[in-house]
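What follows is calculated from the coordinates using simple rules that are stated; it is not laboratory data. Since we're looking at a predicted model, the values are computed, not measured. Cβ sites come from the backbone with ideal geometry, for glycine too, and all protein chains shown count toward neighbours.
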């Protein structure tokens, strides 16, 4: 199998992929080089940030049978073209759920323990005892209750929190998004980006949250009205936010997010762990074997 990996050059598992029997790997993110090599690719391993390149390369993908997305999100893929082709599309959904579950809990602890204040006082050599909070007994609304949302929920329940899932297909007892926002202490966004979820967290919904509430986004940046959020945070209308995803990535140097004091901004690393690379490698080897056997796993349907 001739595998073209469209990933950052420093993507750690690439070296190990070279050792997979029967796989001839070539990797680059250089557009001109990709144009020269794309017509030989039988399979493509794609970092989601490069999804738009497939449109440019499409005329050259005459031999491509399979595209595998490194992430769960596939919103950047050219589905208008893929629907008319025989290319199988798969992704890595669920693979990074546990890492993101831990990340969401870490963000909650940041605010309940007020670690920013602790670090500020330590830097100033200032001794100032105060009363901190526990997560036990607090409520968390989890918007998007797939693998990632459930990973957050399991950890939250283990800490004694009340979990309020918001699902696309509501189950008995589920509350609506608008109903949970007014009472939740934390709101975790773990939903994929779709036409329905784009801009889901409007200014009005953000303003409906409790003044003591915290928003955590580990899903997709465009789910939130980011400009409204920074204004609401600056006005102290909610307690804070932790964002690992943004409208534009990398986040521009002058973006207001960078200077909002009650906001944690991390560079889309919630899923990037040392353990994740080993998990990815094992998963991709399994995906290759399944594709070769004619039974691809984690297929995106409809394409």
Calculated FRET value between residue 126 and residue 258, using beta carbons and R₀ = 35 Å, to 0.05: 0.85
GNM top mover of 103, 284, 11 - the chain, alpha-carbon springs below 10 Å: 11
Listed peptides 214-227, 127-140, 75-88 by packing density, highest first (mean Cβ within 10 Å): 214-227, 75-88, 127-140
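Could you sort 167-177, 33-43 so that the peptide with the highest average Cβ count within 10 Å comes first and the rest follow in order?
The densest-packed peptide leads the list: 33-43, 167-177.
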For segment 168-281, the Rg and Dmax computed from alpha carbons only, in angstrom: 14.8, 45
Of 254, 149, 51, the one that fluctuates the most in a GNM where the chain has Cα springs shorter than 10 Å: 254
For segment 103-171, average projected area of the Cα convex hull in nm²: 5.3 nm²
With Cα atoms, 0 to 90° folded angle of helix 97-112 axis to the chain main axis: 20 degrees
Cα gyration tensor shape for segment 14-101, rounded if a/c is under 1.5, else prolate or oblate: oblate
Rounded Å value of the spacing that divides the Cα centres of segment 222-299 and segment 31-98: 20 Å
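Could you list the square roots of 5 times each eigenvalue of the Cα gyration tensor of segment 159-231, that is, the equivalent ellipsoid semi-axes, sorted largest first and rounded to whole Å? Numbers along the way, then the final one.
Numbers: eigenvalues 69, 51, 26 Å².
They are 19, 16, 11 Å, listed from largest to smallest.
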Folded to 0 to 90 degrees: helix 274-292 orientation relative to the chain principal axis, Cα: 40 degrees
